[in-house]
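Participant: The structure follows.
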Amino acid sequence: MTGREFLDAIETALRLKDVTRHCYTEGGRHESVAEHSWSAALMALMMRDEFPGVDIDKVVRMCLIHDLGEAFTGDIPSFEKTGADERTEEALLAEWVASLPEAVSAELKALYAEMEEMQTPEARLYKAIDGFEAVIQHNRSDLSTWIEKEYELNKTYAEDRCGDSAFLKELRREMRADTEKKIAEGK
């Protein structure tokens, strides 16, 4: 990869610092997609000991790249995203990935394919972390920033991503307890 190829690629990815998500931070501003991805990657790294048979470095890479398509389309909350939105994002991302130097392009294509298929423990763990991070961030944000549907959504979102992991099930129960406490204290 040349220096110019690197700069062009990273400048595109750095757009995610300015792409805001629906969720707010504890400090009251919109969270960026880059912050969400970093938080998810950190969560994966901190779970290393809970999943000794899982390639956590791969999970971290998945968490870091999973929302790169939003550099082209912006963030659309999961409860509003349509099939057409997903196809547009996937097409623009695929075009960008194909434009990268071969080694980088090949790695990203392989990671995206694995994430799409959801057949490996790494892909399933990344997907759980992605959803969990959103719930945790909502629990940290001021209740006044929530829209009505989030009161119920935050109680159940990503529950179906726990699989047979006792750790993920316990973590999700704790997140729900935090949500319920936040709602009870806010009313």
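Participant: Can you compute 3J(HN,Hα) from phi for each residue in the stretch 157-171, using the Karplus curve 6.51 cos²θ - 1.76 cosθ + 1.60 with θ = phi - 60°, rounded to whole Hz and x for Gly and Pro?
Facilitator: 4, 6, 4, 6, 9, 6, x, 9, 7, 4, 5, 5, 5, 5, 4
Participant: Does anyone have the angle between helix 33-46 and the longest principal axis of the chain? Alpha-carbon axes, 0 to 90°, nearest 10?
Facilitator: 80 degrees
Participant: Calculated from the structure, volume of the Cα convex hull per residue in Å³ equals which of (1) 122; (2) 177; (3) 195?
Facilitator: (1)
Participant: Here is a follow-up. Which one of PHE79, PHE132, PHE167 has the biggest mean-square fluctuation once the chain is modelled by GNM with Cα springs under 10 Å?
Facilitator: Answer for the Gaussian network model of the chain: PHE79.
Participant: Excluding the sites themselves, what is the longest stretch of the chain that contains no GluC sites (Glu not before Pro) in a DSSP loop with at most 12 other C-beta atoms within 10 Å?
Facilitator: So the longest stretch without any such site is 81-147.
Participant: Roughly what angle does helix 102-117 make with the longest principal axis of the chain, taking Cα atoms, 0 to 90 degrees, to the nearest 10?
Facilitator: Around 40 degrees separate the two axes.
Participant: Also, I was wondering about something else. Taking Cα centroids, how far is the stretch 1-56 from the stretch 67-100 in Å?
Facilitator: 16 Å
Participant: Which residue fluctuates the most in the chain, going by a Gaussian network model with Cα springs under 10 Å, if the choices are VAL33, VAL104, VAL59?
Facilitator: Per the Cα network of the chain with a 10 Å cutoff, VAL104 tops the list.
Participant: On a 0 to 90° scale, report how tilted helix 3-13 is relative to the longest principal axis of the chain, with both axes built from alpha carbons and the result rounded to the nearest 10.
Facilitator: Taking the Cα atoms of the chain, the angle to 3-13 is about 30 degrees.
Participant: Among LYS17, LYS58, LYS149, which one shows the highest mean-square fluctuation when the chain is modelled as a Gaussian network with alpha-carbon springs under 10 Å?
Facilitator: For the chain, modelled as a Gaussian network with Cα springs under 10 Å, the answer is LYS149.
Participant: What is the set of long-range amide H partners of SER32 at a cut-off below 5 Å, with H atoms built 1.01 Å from backbone N?
Facilitator: The answer is ARG21.
Every read-out reported here was derived from the displayed coordinates using simple, explicitly stated rules and does not represent laboratory data. None of these values were measured; they are calculated from a predicted model. Don't worry about glycine lacking a Cβ; one is built from the backbone with ideal geometry, like all the others, and counts go over all protein chains shown.
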